[in-house]
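What follows is calculated from the coordinates using simple rules that are stated; it is not laboratory data. For clarity, every value in this text was computed on a predicted model and none was experimentally measured. Positions of Cβ are generated from backbone atoms using ideal geometry, with glycine treated the same way; all protein chains shown enter the neighbour counts.
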Amino acid sequence: MDRVLNNFIVSLRGAGVPVSVSESIDAAQALAISGYGDRQIVKSSLAATLAKSAAEKEIFDACFERFFSFQSLPSPFGAGPENGSEEQPGDMPPIGGMIMEGDLGGVALAVRDAARSVDLQAIRFVTQRGMFTARILQALQLDQLDRFVADLYREGSTGASAAARQLEQGREALIDMVRRFVEEQYDIFARESTERIIERYLWDVRLTELEERHYDRMHFLIRKLVKRMNERYSRRRRRAKRGALDFKQTLRANMHHGGLLFETRWKKKRMNRPDVVILCDVSRSMSTVVRFCLLMLYGLNEVIARVRSFVFCSSLLEVSHIFETCPIAEAVERLRTGEGLDIHMGRTDYGSAFWDFTNRHLDAVTGKTTVIILGDARSNYGDPADELLKKIAERSRRLIWLNPETPPMWGTGDSEMKRYMRLCDLVMECSTLRHLEQLVRALVRIP
Amino acid sequence: MRDQTGKFETVDQVNEGFKSTGYICSTDIATTVYLAFHLEKPVLVEGPAGVGKTELAKKAALFMDVPLIRLQCYEGLDESKALYEWKYGKQLLYSQLLRDKLDQVIDKESDLGESIRTLHRYEDIFFSPQFLEPRPLLKALQEERGAVLLIDEVDKADEEFEAFLLEILSDFQVSIPEIGTVRARTRPYVFLTSNSTRELSEALKRRCLHLFIPFPAPDLERQIVRHHVPDIPDLLERQLVMFIHEVRKLELKKVPSISETIDWARALILLHAEGLDRDLTRKTLNTFLKFEEDIRAVDEKLFLLVDKALKETA
C-alpha cells in the first residue's frame, strides 16, 4: 500500500496540491489507523491529511477518482489457442504466450511492469507520450514478437499461419492498450503540469504578441491576479510596530496601569486608495495591452476607489459609462470592436488627445487623482503638446505613464516618450502580466 | 488524550456518538474527528458560514464529556488576551496595601544597595501564579482531564498570532518568563475554524488535519432536520429541503444556512403546514433569508422554485 500511496501523492503533486513530507507521513499513519476497509473512509482520511483548502479538495476528489478506479475491459485477445499447441519455431516472448492464451490480466500486469521499468511516472509533457509508448513496447519485447510472427508466416503450415494471424491481432490490441495506458497515466501525472507551463509562459509573454486562443486563459489569470491583489490590499493594516507614536491611544491603553505608560500604540500606516483616470491609446498596435490593463483596473475595486476611462486615437472619448453598464469582459470586447463608439480611428495624435482632454474633461482630475496614460507615445510627428500634459500633471496627484515598448525604443523615430517622461511621476514599461502586477504595487504606494 | 472511555474505536462509533449528542455528521467529518483523536492533531475546519463548524467543536466537548474552552479571534488579538496576563490591578493594589510592610522591611537598612538586595529576595511575590490571569490557551493546557479548545475564526487574527499558535499547537507547552514552562497535563483536543477571509499560512495548515464542511447533501440535511424537528411531516420535510437546496443555487447575498432551514421547518410546523405551497412560502421567506434583496430575488422566481421542489419530491 505504501507504494500505491506514494504514487498517489506524486500524482497529487503533479495536479498542483503541494504535499509536504510530513503530510505524507500523516497520511500513512491515518491509513494505518482507519484501515483500508471502506473506500469512503480511506478517501476521507487522505483528504483530511493531504488536501488543505477548498480548492485543493476539489483537485483531490478528481485525482482520487481517477487514480483509484478499476476498469474491467472485455478481452481483446482471442479465446485461447485454437487448435492444440503446434510445434513453434524460434522462441516466443512471454507476452506472445499471454496473447495466445487470452490472458488479459497477465498482459495488463506485464504492461504495468514494463511501464514501471521505463519510469512512466516521470512523464510531464504531452509530447512525451509517443516516446513512452515506444519504450514500453520495447520493454515488452515487441520486436521479438514481430520476428516470431514473421517466422510463423514463413513456415506456412495452416496451424502456424492461424497462430500468426491471432498473434498479429493481439499485437494491435496490445499497442492500443499500451497507448491508452500511457494516456491515462499522463492524465494522472502530468496534465496539470503542462497547464502550469502554459501559465508561466503567459505571465511573461508580451501582451501585443498574445495569440487569441490564449485570451480565455489570460482572462482567468487576470481574475486570479485581481483576486490576490484585492485580498492583499483590502486587509486593514495591522497595528504597526514602529513609526509615529499615537499618544492618545497610548494613554487610553494604559489607563488600567494607573497612568503608567507600559504599552505603546503607534499610528497606523496609511494605504493609498486612489481615484484613477486612465487615458488609453486604442490604435491597433495597442489594443491587446489596453484590453488586459482595463480588465485588471476595473477588477481592482478594493485597491482603487473609482476609475474613469478615456480612449483616444485621433480624438478622445470618455468610455466609463460602458464599464458601468456592462460586465467588464463584455465592455473590453466592445472597446475592441469599437461598436457604438464615436471615435475617429485615424492616425494617432497625442497632441489633439491632450487638447480634447484638457478642454473637456480636465475637471475629472483633482488633487486626489492618479492619472494613468497607457500608450506608446508615437504621435506620427504631430505636435506633442507637452505643455498640455504638464497642465494635467500639475493638477493631478500623480501621473503614471505606461509604455508597452521596451525602454530602448523610447524616443526613437516618432516616439515622443523622452519628452513626456520628464513630466511624469512614474514611467513604467507595461507589456506583460508581470508588469501589470507591478503597476498595482505602484498604485497603492503613497509617493 | 488516551481513549479511556472507548468512544473512539471505530469511525462508525464516532458517528453514532455524535448523533446521540444531536450532531449528524458525514463520513468526512466522522473520519477526520476520529483521526484527529488518534493522531493527536488539531483540526482546521473550513466551510461556508452556518454549516455547523463551531457546533462541531461544542458537540465534540459534549461527546467526550470534557469542558469546552473557546477563543474567539479578532484583529489585534495578542498573547495577553489569548494566553495569560498579569493581574496588574491586583499587583498595584497589593503593593499599596503592603506599603507599610515594605517600609518596615526596608527601613531598618539605611544603605540603598542593601535595601535593593533585600527587595530582590521578595521580587517574585508579585509575579507568582496568584497574580496570573490565565486566558483560554493557558486554561486549556491546565485542564486536568483535557479539554476541547475551540479557536474560532482564526483567519480574523493577525499573521503574528498564527505564528504564535504554531508553537503551542506543536508542543502543547508555553513558557512564561517569570514562572517557567507550563506543559499540558492532558493534551487538549483542538478545533480551529476559518471562514477563509484570507489564506492561512502553509505551516499552520501542515500541522492540522483539514476538514472542509460544505452544505450538506439533501439526504444528510433531511436527517438533520428530522433530528431537530422530529414531528415534521415526511412530505413537508422532503419538499422543504429540496426548496432550500434550490435557493442555495441562486446568487444571493447570504444563502440560507442549516440552522435557518431548521428555523423555517419549525415555523412551518407552527403554521400547521402539511406540505409546501407558494403562499405559505412567500409569507415565511424572511425566516431563512436575511436581506431585502435576497427576499426579492427569491420572490421573483418563487413559482419556479416551489414547482421544482414539488415535482422532484412527488
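Here are the numbers for the structure shown:
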| item | result |
| --- | --- |
| P(r) histogram, all alpha-carbon pairs of region B:1-65 included - 5 Å bins from 0, percent | 4, 17, 31, 30, 14, 3, 1 |
| Chain A: most fluctuating residue of A:V21, A:V289, A:V277 per GNM, C-alpha cutoff 10 Å | A:V21 |
| Pairs of Lys in chain A closer than 23 Å at Cα, counting only those 8 or more apart or on different chains | 20 |
| Charge dipole magnitude, Cβ of K and R +1, D and E -1 - chain A, Cα centre, debye nearest 20 | 3940 |
| Positive dipole terminus of the protein assembly as shown, leading residue within A:V182, A:S287, A:S117 (C-beta point charges) | A:S287 |
| For the protein assembly as shown, size of Cβ-based charge dipole, Lys and Arg +1, Asp and Glu -1, in debye | 2940 |
| Projected label distance in nm at A:H344 and A:M409, using a 7 Å step from Cα toward the beta-carbon | 2.7 |
| Debye log10 I(q)/I(0) at q = 0.15 Å⁻¹ for region B:263-314, Cα point scatterers | -0.41 |
| Calculated over region A:94-193: convex hull of Cα atoms, volume per residue (Å³) | 78 |
| Using θ = phi - 60° and Karplus 6.51 cos²θ - 1.76 cosθ + 1.60, couplings along region B:268-281 (whole Hz; Gly, Pro as x) | 5, 4, 4, 8, 6, 7, 9, x, 7, 9, 5, 4, 4, 4 |
| Distant-in-sequence amide H partners of A:V307 (H built 1.01 Å from N, under 5 Å) | A:V276 |
| FRET efficiency estimate (nearest 0.05) - Cβ-Cβ, A:R165 to A:D143, R0 22 angstrom | 0.70 |
| Three semi-axes of the equivalent ellipsoid, region A:97-142, Cα gyration tensor, whole Å, largest first | 22, 10, 8 |
| Principal-axis tilt of helix A:54-67 within chain A, Cα atoms, nearest 10 degrees | 20 |
| Where Rh is the Kirkwood radius over Cα pairs, Rg/Rh for region B:86-131 | 1.02 |
| B:D124-A:E101 pseudo-label distance in nm [points 7 Å out on the Cα-to-Cβ vector] | 8.0 |
| In Hz, Karplus ³J(HN,Hα) per residue of region A:316-321 (6.51, -1.76, 1.60; θ = phi - 60°; x = Gly, Pro) | 10, 8, 7, 10, 3, 4 |
| Check: chain B dipole with +1 on Lys, Arg Cβ and -1 on Asp, Glu Cβ, in debye | 600 |
| Calculated FRET efficiency for the pair A:E199/B:L280, C-beta based, R₀ 35 Å, to 0.05 | 0.10 |
| Potential extension, A:V10-A:S157 segment - 0.36 nm per residue separation minus Cα distance | 47.8 nm |
| Potential lengthening between A:A55 and A:K227 on full extension [0.36 nm per residue; Cα-Cα distance subtracted] | 60.5 nm |
| Alpha carbon Rg of region A:2-67, scaled by the compact-globule rule 2.2 N^0.38 Å | 0.98 |
| Cα-Cα P(r), chain A, percent of pairs per 20 Å interval | 19, 31, 28, 17, 5, 0 |
| Kirkwood hydrodynamic radius over Cα pairs of region B:218-313, then Stokes diffusion coefficient at 10 °C and 1.306 mPa s, in µm²/s | 122 |
| Highest-fluctuation residue, B:E114, B:E292, B:E260 considered, GNM on chain B with Cα pairs under 10 Å | B:E114 |
| Mean separation of Cα contacts under 8 Å (6+ apart) over length of region A:94-193, as relative contact order % | 39 |
| Size-normalised alpha-carbon gyration radius of the protein assembly as shown, reference 2.2 N^0.38 Å | 1.29 |
| For B:E133, residues with placed amide H under 5 Å, excluding near neighbours | B:E85, B:W86, B:K87 |
| Mean shadow area of chain B, taken as a quarter of the surface of its Cα convex hull (nm²) | 21.7 |
| Lysines with Cα under 17 Å of B:K156, excluding same-chain neighbours fewer than 8 positions away | B:K53, B:K81, B:K205 |
| Value of relative contact order over chain A, rounded to a whole percent, pairs C-alpha under 8 Å and six or more apart | 11 |
| Gained length - A:K390 relative to A:F247, 0.36 nm times residue gap less alpha-carbon distance | 47.3 nm |
| Nitroxide proxy distance, nm - points 7 Å out along Cα→Cβ at B:R183 and B:L250 | 5.8 |
| Vicinal HN-Hα couplings computed from phi for region A:289-299 (Karplus, 6.51 cos²θ - 1.76 cosθ + 1.60; Hz; Gly/Pro x) | 4, 4, 4, 6, 5, 5, 4, 6, 4, 6, x |
| FRET efficiency estimate (nearest 0.05) - Cβ-Cβ, A:R3 to B:D219, R0 56 angstrom | 0.95 |
| Under-5 Å amide H pairs with B:Y189, H placed in peptide plane, nonlocal only | B:A147, B:V148, B:L149 |
| Model label zone, A:E212; criterion: amide N under 18 Å from point 7 Å along Cα-to-beta-carbon; scope region A:276-297 | A:283-292 |
| Antiparallel bridge percentage (DSSP; both residues within the protein assembly as shown; nearest 5) | 25 |
